[in-house]
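The values are calculated or read from the model by the stated rules, or taken from the named source; none is laboratory data. All figures in this text were calculated on a predicted structure; none of them were measured in a lab. Heads up, the Cβs are rebuilt from the backbone with ideal geometry, glycines too, and the neighbour counts pull from every protein chain shown. With ligands, DNA and RNA removed, areas are computed over all heavy atoms of the protein, side chains included. Shrake-Rupley method; radii C 1.70, N 1.55, O 1.52, S 1.80 Å.
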Amino acid sequence: LVVRNARLSSGELTDIGIIGGRIAAIQPGLVADAPVYDAEGRLACAGLIETHIHLDKSRIIDRCAPEPGRSPKSMERVAAVKHTFTQQDVYDRASRTLEECIKWGATRMRTHVELDAGVELRSFEALEQLRRDDAWAIDLELCVFPQESLTDNPRSDALIVEALKRGAKVVGAAPNYDPDKIAHVQRIFDLAREYDVDIDMHLDSGNSPDDMDIYQVCDLTEKYGLGGRVAVGHGCKYSTMPVADLQVLAKRIADAGVA
């Protein structure tokens, strides 16, 4: 295949030659005996990367109760309907969402997958099947995590271990919902080291900079030499910090190798 008149990030127009599904040449006026697609000046770039999505929970707004006032209580509202999640149901909903992402240019994605007694391994098994089925179009990475607590929820712990044994590449956390946040974070680091996987945590949601977990995460990342393998998401509390304090935290995160 030859894609003609593709626009590079520099602004210049060029042709792109493809052989066996891989780019073989990038040059203007490419001469080849192959089918042609005219990009008509559209941008050609590397595939987009979706770093944080929840495919297992996509497209369930019709099942969840309306938001009660100003507190969204998203975890509780989803927990109340997890019993409706079947493996086929999760697969079908996630497949529709994933297809839309692919259409808009995503070629790599990390999806978080909740594991607890309410859903067992149904979501994980559905998304693992979807990962294999759509591997021709997108690299889908599964991050398994305990949304509904961990230290007082042995079933979640057992399910995460089982998913890691089955090949999950990332382990996550949600310490905000755990009565022992410190032990929660420590357990996730222990699992990551035991199974040699990366870490991606839901961290520090809230309306004030009090009692933040990012400092423990930075300390453990340095302690275990996991710089470059630990990511955090949400971090709503950071926006409530004075600018000077936020700059100090930003340097601490960067120095630890946390993304």
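Below is a table of values for the structure above.
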{"item": "Taking the convex hull of Cα positions in the stretch 200-259, its mean projected area over all directions (nm²)", "result": "3.6 nm²"}
{"item": "The stretch 163-248 - convex hull of alpha carbons, volume per residue in Å³", "result": "94 Å³"}
{"item": "Convex hull volume per residue for the stretch 22-168, taking Cα atoms only, in Å³", "result": "160 Å³"}
{"item": "Intensity falloff of the chain expressed as log10 I(q)/I(0), Debye formula with alpha-carbon point scatterers, at q = 0.07, 0.09, 0.10, 0.15 Å⁻¹", "result": "-0.32, -0.51, -0.62, -1.10"}
{"item": "GNM result for the chain, Cα springs below 10 Å: residue of Glu114, Glu222, Glu141 fluctuating most strongly", "result": "Glu222"}
{"item": "4 °C / 1.567 mPa s Stokes-Einstein diffusion coefficient of the stretch 54-95, Kirkwood radius on C-alpha pairs, µm²/s", "result": "119 µm²/s"}
{"item": "Accessible-area ranking of Tyr177, Tyr91, largest first, probe 1.4 Å", "result": "Tyr177, Tyr91"}
{"item": "Other-chain or far-sequence residues with amide H under 5 Å of Asp200's (modelled H)", "result": "Val171, Gly172, Ala173, Ala231"}
{"item": "Zero-based 5 Å bins, Cα pair distances in the stretch 100-176, whole percents", "result": "3, 17, 26, 22, 14, 10, 6, 2, 0"}
{"item": "Charge tally in the Cβ shell below 11 Å around Cys101, where Lys, Arg are +1 and Asp, Glu are -1, Cys101 excluded", "result": "-1"}
{"item": "Compactness index (Cα Rg / 2.2 N^0.38 Å), the stretch 106-259", "result": "1.06"}
{"item": "Bins of 5 Å, starting at 0 and running to the largest distance - Cα pair percent for the stretch 48-125", "result": "3, 14, 24, 22, 18, 13, 6, 0"}
{"item": "Fluctuation leader among Met212, Met201, Met241 - the chain, Gaussian network, Cα springs under 10 angstrom", "result": "Met241"}
{"item": "Within the accessible area of the stretch 142-251 (1.4 Å probe), percent carbon and sulfur", "result": "50 percent"}
{"item": "Largest to smallest principal axis extent of the C-alpha atoms in the stretch 17-85, angstrom", "result": "62, 26, 19"}
{"item": "When the stretch 156-213 is reduced to its Cα atoms, the Kirkwood hydrodynamic radius in Å", "result": "12.1 Å"}
{"item": "Histogram of C-alpha separations across the stretch 1-42, 10 Å bin width, %", "result": "33, 58, 9"}
{"item": "Heavy-atom surface of the stretch 1-117, accessible at 1.4 Å and reported per residue (Å²)", "result": "62 Å²"}
{"item": "Helix 154-165 vs. the chain, principal-axis angle (Cα, 0 to 90°, nearest 10)", "result": "30 degrees"}
{"item": "For the chain, calculated [θ]222 nm from helices alone, where every DSSP H run of n ≥ 4 adds -39500 (n - 2.57)", "result": "-10500 deg cm²/dmol"}
{"item": "Sequence-distant lysines (8 or more away, or on other chains) whose Cα lies within less than 18 Å of Lys73", "result": "Lys57, Lys82, Lys237"}
{"item": "Probe 1.4 Å, accessible area per residue of the stretch 131-259, Å²", "result": "47 Å²"}
{"item": "In degrees, nearest ten, helix 181-195 long axis to first principal axis of the chain (Cα)", "result": "50 degrees"}
{"item": "Whole-percent carbon and sulfur share, accessible surface of the stretch 23-64, 1.4 Å", "result": "58 percent"}
{"item": "Charge context of Arg7, other residues only, Cβ under 13 angstrom, K/R +1, D/E -1", "result": "-2"}
{"item": "Extension reserve of the Ile49-Lys223 stretch, reckoned as 0.36 nm per residue once the Cα distance is removed", "result": "59.7 nm"}
{"item": "Within a Gaussian network of the chain (alpha carbon springs, distance under 10 Å), most fluctuating of Gln27, Gln87, Gln216", "result": "Gln27"}
